Each structure stands twice: as C-alpha cells, then as structure tokens.
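The values are calculated or read from the model by the stated rules, or taken from the named source; none is laboratory data. Computed from a prediction, not measured in an experiment: that's the story for all the values here. A quick note on method: Cβ atoms are made from the backbone with ideal geometry, for glycine too, and the neighbour counts reach across all protein chains shown. Please note that ligands, DNA and RNA were not included when accessible areas were found on the heavy atoms of the full protein model with its side chains. Shrake-Rupley method; radii C 1.70, N 1.55, O 1.52, S 1.80 Å.
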Amino acid sequence: MDAAMLLQYGWVLIVLIGLEGILAADNAVVMAVMVKHLEPEQQKKALFYGLVGALVFRFIALFLIATLAKYWELQAAGAAYLLYIAISNIYKKYSHKIGKQKTKKKKEGGFWATVIKVELADIAFAVDSMLAAVALAITLPKSGWGEIAEIDTAQFIVMFLGGVIGLVIIRFVATAVVNLLKKYPALETGAFVLVGWVGVKLVVMTLAHEKVAILAHDFPHGTLWQSIFYGVMVVIILASVLSSRKSKVPTDSH
C-alpha cells in the first residue's frame, strides 16, 4: 500500500470516526435514560457490558452486512423498539402520579434487564451505522491483501476501527448525559422525545428500503431529510434545556 492509498484510508477513517461521533449523540441519549435508575457503580458496569456486547455485535455485523441489508424488517423492529421506549417512558412519567415512584421502580427492571435493553437499543443503531460505514469504505481502492467476508481486508479493518472508536465515544458521551439528567431532571422528558425522534428516523429508513420503496431509496441520506432530522433534534434539545432550568437540582454548597 503506497503513501497516497494510506492517505485515502486515513481520511476515510477520520470521516467514519466523525460520523460515529455524530451518531453517538443519538445512541448516548438512549443509553443514558436506560441506565439512569441504577446506582452510579451499576451505571458504569451496565454501560461497559453494553460496550463489550456492542463490539461483538458490530464485528459479527460486518460479516453479515450484506445479509442484514436485505431485511427491512430489522430496521422496522429497531424503529418499533425505540418508539416503544420513548412512548412508554413518557406515559409512565406523566400518568399515575399517585404512587409514581413505587411504580417506576418496579417497572424499570434490575441490572441485567437494563444491560439487555442497552444491547437491544445498540443493535437498532448498529445496523444503520454499519451500513453507512460499508458505503464509505467500499469507495476506497482495494489493498490487495485478500478479503474478509467478501470485503477487502483493509476496507474491513477501516470499518471495524471506525466502529470501535465510535463506540468508545458513545460510552463516555453516555456517562456525561447521565450526569446531566441527574442535575436537570426535566431533561429526561426531552431525552425520551429524542429517542422517539430517532425511532422516526428508522421508520423513514424502513420506508425507503428497496423492498418497501414507499419513499425514494436515497431520501434518508438526502439534504432535505437530514436538514429536517437534525433541525428537529436541535429544537428538541433547546426546548428541553430551556424547560430544565426551572427544575435544576440544587448542588450541595459544602
């Protein structure tokens, strides 16, 4: 591999890390609201186990990516799961106010149940990000180092490294989001709204799948939808921040 090719591979790796970093904002919100009810030490463990499971899944996903891309049902299931998380938690938050804390504690589940939820949510995100990684990496010139799962070895390595580094970003961003939710409890509602909005994003991707074809195949990656998606995301975040100032938990001055 010559210097020019190395430069191309390095550039795509940087782009992939940036892409994963952007997607980490979505993923981190989901992780944070899922582990928030656990004790601080358990939160760290749940996020760590989720990270390990996500690494394993994404490595397997690279081998199965061609197969995964064929099944729009996977994206639909991911969309349904995220929408369920958002709607059910917002409903629980604003209904049954009498005895709410007891009900919440029973329904949130224990440590391992939370870890499983974290893994399922990451799978919903992983299919999308891995497809994006494959689309970027296959534009690179082939290295001549052979193939792994019908993908050029160097391209496979770039995709995997981008995913790994992205997951590390998600882990630390999620921890920061957990701390924010503790300080500003009202942000939790906004966080669940964001989770639901990401679910809508997966619905759009499902409708644009070549086997569903209700929307144009390129629509989810087009300027119009990207502008709408991130524009609405910014509005949700700003609205959550403004409303959360009234509910800020006072810090101990000692």
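Side notes on the structure shown:
- The numbered conditions (1) part of a loop (DSSP other than H, G, I, E, B); (2) in contact (Cβ under 8 Å) with a residue 12 or more places away in the chain are all true for residue 198 except (1).
- Among the residues of this structure, residue 230 does not count as one that is buried (at least 18 other Cβ atoms within 10 Å of the Cβ) and either modelled with pLDDT under 75 or hydroxyl-bearing (Ser, Thr, Tyr) (or both).
- Among the residues of region 38-50, at least one is surrounded by 15 or more Cβ atoms within 10 Å (Cβ to Cβ), among the hydroxyl-bearing types (Ser, Thr, Tyr), more than 14 Å from residue 162 (Cα to Cα) and at pLDDT 75 or above.
- Some residue of region 174-194 being among the charged types (D, E, K, R), assigned to a helix (DSSP H, G or I) and either open to solvent by 50 Å² or more (accessible area, probe 1.4 Å) or in contact with a strand residue (DSSP E or B) (Cβ under 7 Å, 6 or more places away or on another chain) (or both): yes
- Just so you know, in region 204-227 the residues that are within 18 Å of residue 76 (Cα to Cα) and out of contact with any helix residue (DSSP H, G or I) (no Cβ under 9 Å at 6 or more places or on another chain) include one that is surrounded by the fewest Cβ atoms within 10 Å (Cβ to Cβ), and it is 218.
- Residue within region 206-216 that is under 18 Å from the mean Cα position of the chain (by Cα) and closer than 14 Å to residue 80 by Cα present: yes
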